[in-house]
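The structure appears below as structure tokens.
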Amino acid sequence: MGLTSSERRDLEDFAHDGWELRRAPMLRKGSVFSFSMRIEPQQFAIQSTEPDEPDVALTVFQLRPFLMENDRHHIGRVFNFCMQQLTDTALRDELRQWQGAWKQSLREGGFRLQVDEQHWNPAFTLRTYLHAHYGHSDRDKRDAIEALGMLRPLGRQQFLAIVFQTGVVVVGTAKVIRRGLDTGAFD
């Protein structure tokens, strides 16, 4: 069956761009974010540590093509395509592990917040922050973040965690695709 020249070029580009993502500031420096909560009678405090905003913005900018559903590099689209095309069982199994890690992080990564009637699962948090601050300026999404009130640091931590986790998955997936291309496992 084999790949068309366009499909091969798309996979080559994904492998290259995904591997380069390892140099993104948040991935290069590691997960340098955390939060703590203190609940005492009459007092509730949240403290968070975050990477510098320029590091977050650059990492999100580099990761964005892998997250946007209409992009040819969208991680979900690439997983589905590769699962159909890979002929090497070991590579397909490794790719399936990366796919499972990504899906799990979108479902269960971090934690879940519920503010009023809105469930802030990881996938919703990722979309909300991307559309509110990184590449878009969606007023409804910014309002949703503002509605978190004193829980905003928790939403932000969840966003940072899913960005980091997705970056790790993209780099790992790029390595598998590169090996598949180099060994003829897509032919």
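A short reminder: the numbers here are calculations on the coordinates, not readings from a lab. Note that the coordinates shown come from a computational prediction; the quantities given were computed from them, not determined experimentally. Cβ placement follows ideal geometry from the backbone for every residue including glycine, while neighbour counts extend to all protein chains displayed.
Rounded to the nearest 10 degrees, what's the angle between the helix 122-133 long axis and the longest principal axis of the chain, both from Cα atoms, 0 to 90? The angle comes out near 80 degrees. Ranking Trp98, Ser31, His74 by how far each Cα lies toward the positive end of the dipole of region 5-183 (charges on Cβ) leaves Trp98 at the top. For the chain, the fraction of C-alpha pairs more than 24 angstrom apart is 42%. Classify region 87-142 as rounded, prolate or oblate from the Cα gyration tensor: take a ≥ b ≥ c as the square roots of its eigenvalues, call it rounded if a/c is under 1.5, otherwise prolate when a/b beats b/c and oblate if not. Verdict is oblate for region 87-142.
Please report, in cubic angstrom per residue, the volume enclosed by the convex hull of the alpha-carbon atoms of region 62-108.
Convex hull of Cα atoms, per residue: 78 Å³.
Compactness of region 1-108 is given as radius of gyration and Dmax, 18.5, 67 Å, from Cα positions. With contacts taken as Cα pairs under 8 Å and at least 6 residues apart, the chain reaches a relative contact order of 32 percent. About the centre of its Cα atoms, region 73-187 shows a dipole size close to 140 debye [charges on the beta carbon of Lys, Arg (+1) and Asp, Glu (-1) only; nearest 20 debye]. For region 127-187, with equal point scatterers placed on the C-alpha atoms only and solvent neglected, what are the log10 I(q)/I(0) values from the Debye formula at q = 0.14, 0.15 1/Å, to two decimals? Reported log10 I(q)/I(0), two decimals: -0.55, -0.59.
All other residues whose Cβ lies under 15 angstrom from that of Pro51 are scored, Lys and Arg at +1 and Asp and Glu at -1, for a net of 0.
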